[in-house]
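What follows is one structure encoded as structure tokens, with my remarks underneath.
The values are calculated or read from the model by the stated rules, or taken from the named source; none is laboratory data. Everything numeric here is computed off the predicted structure, so don't read it as measured data. All Cβ positions, even for glycine, are placed from backbone atoms using ideal geometry, and neighbour counts span all protein chains on display. Accessible surface areas use protein heavy atoms only, side chains included; no ligands, DNA or RNA. Shrake-Rupley method; radii C 1.70, N 1.55, O 1.52, S 1.80 Å.
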Amino acid sequence: MPIINTEAKIFACTQSKVLGEKIAKAFGVDLGNVITSTYSDGEFQPSYEESIRGTRIFIIGSTNPGPENLMEMLLMIDAAKRASARHITAVLPYFGWARQDRKDKPRVPIAAKLVAKMLEAAGATRIITMDLHADQIQGFFEKPVDHLFASTIFLPYLKSLNLDNLTIASPDMGGSKRAYAYSKALASDVVICYKQRAKANIISHMELIGDVTGKNVVLVDDMVDTAGTLTKAADLMMERGALSVRAICTHPILSGKAYENIENSKLEELIVTDSIPLSQKSDKIRVLSCADLFAEVMDKVHNNQSISSKFVM
């Protein structure tokens, strides 16, 4: 009978090295050794510097643009497949390109499905990710997908604030389902912002559905990019009589003038996870680590145990 190595090994892509180290520590192993060689033209080649034959391996890496992050994940998966790893689980704290989950106008790609197919073609046998931009992206995969929710991280923090007259808010109509789920868990009211975009990242008009007078408001969203929507919503709610406005966003993309927008806004606090490393510090941004969540789920997956308790909403 062949000997099957039941050991699990964890590796991390370059951008997610810090988060990978936290996850590996919580999991109870050392982060695996990967060396990435780079050619002068920018081409790079990851290399596993230890045997992974017959093992279950977890590759940690968020795939937010630019394309290098996704390409590194694909190369790491392909290298693991060719090194005879038994199971290859792609752990994507942030699944990039997810905003392109449908054709919203003629002659555009569905990038989220393309990324899903590339991950499978490279050799991933399972996907673990958190707070997809659209739940239906799970259906783009033929392999098992464990879709985790950062609410398991955020809810205890929100409860610890002991805010009176708490109201949960969605910054747009698309996030209303998420906002209602949080409001149910916190037994609070819900308000929704209605926005119209002139084009991507540019808001032409925003209105508020609901009353925030005398309320401590918490905006809930899956990601924050330029922070234009969040800061505009926060300013609008303060104008309408809110006592304070905080925001919870799982993935801190924070591109363009995001940090400037946050600093100049009436947001009291922006709470995010470390699914994407911050490019700079801000006194208004609080980071809650998702390492323990991923480590626990990875351990249960490795030992074939149920993870349903982590699907809070």
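Take the Cα of Thr38, step 7 Å toward its Cβ, do the same at Ile209, and the gap between the two points is 4.7 nm. Estimated from helices alone, the mean residue ellipticity of the chain at 222 nm is -9000 deg cm²/dmol (sum of -39500 (n - 2.57) over DSSP H runs with n ≥ 4, per residue). Using a probe of 1.4 angstrom and keeping all protein chains present, the accessible surface of the chain works out to 47 square angstrom per residue.
Rolling a 1.4 Å probe across all protein chains gives Ile307 an accessible area of roughly 20 Å². Which whole number in µm²/s is D for the range 3-83 by Stokes-Einstein, with the Kirkwood Rh taken over Cα pairs at 25 °C and 0.890 mPa s? The Stokes-Einstein estimate is 186 µm²/s.
Going by a ≥ b ≥ c, the root eigenvalues of the Cα gyration tensor, does the range 79-172 fall in the rounded group (a/c under 1.5), the prolate group (a/b larger than b/c) or the oblate group? Oblate is the answer for the range 79-172, as a/c is 1.5 or above yet b/c matches or exceeds a/b.
Between the range 146-189 and the range 219-270, the C-alpha centres lie 15 angstrom from each other. Looking at the chain, the DSSP beta bridges with both ends there are about 20 percent antiparallel. Note the full-extension length gain between Glu239 and Thr14 as 0.36 nm times their separation in residues minus their Cα-Cα distance, in nm to one decimal. Once the chain is fully extended between Glu239 and Thr14, it gains 76.7 nm.
Largest first, the residues Lys103, Lys232 sort by 1.4 Å accessible area into Lys103, Lys232. Lysines within cross-link reach of Lys9: Cα-Cα under 18 Å, excluding same-chain residues under 8 positions apart? Partners within reach: Lys17, Lys22, Lys25, Lys81, Lys300. Using bins of 10 Å that start at zero, the share of Cα-Cα pairs per bin across the range 201-313 amounts to 13, 39, 27, 15, 5, 0, in whole %.
Per the 1.4 Å probe, what fraction of the accessible area of the range 63-215, in percent, lies on carbon and sulfur atoms? Please list the in-between numbers first.
On the way: 3810 of 7280 Å².
Exposed carbon and sulfur together represent 52 percent of the surface.
Between the beta carbons of Arg102 and Ser279, assuming R0 = 35 Å, the FRET efficiency works out to 0.75 to the nearest 0.05. A simple rule links phi to the HN-Hα coupling: the Karplus curve 6.51 cos²θ - 1.76 cosθ + 1.60 with θ = phi - 60°, which for the range 23-30 gives 5, 4, 5, 5, 6, x, 9, 7 Hz, with x for Gly and Pro. Evaluated at q = 0.08, 0.10 Å⁻¹, the base-10 log of the normalised Debye intensity for the chain, with identical point scatterers placed on the Cα atoms, takes the values -0.38, -0.59.
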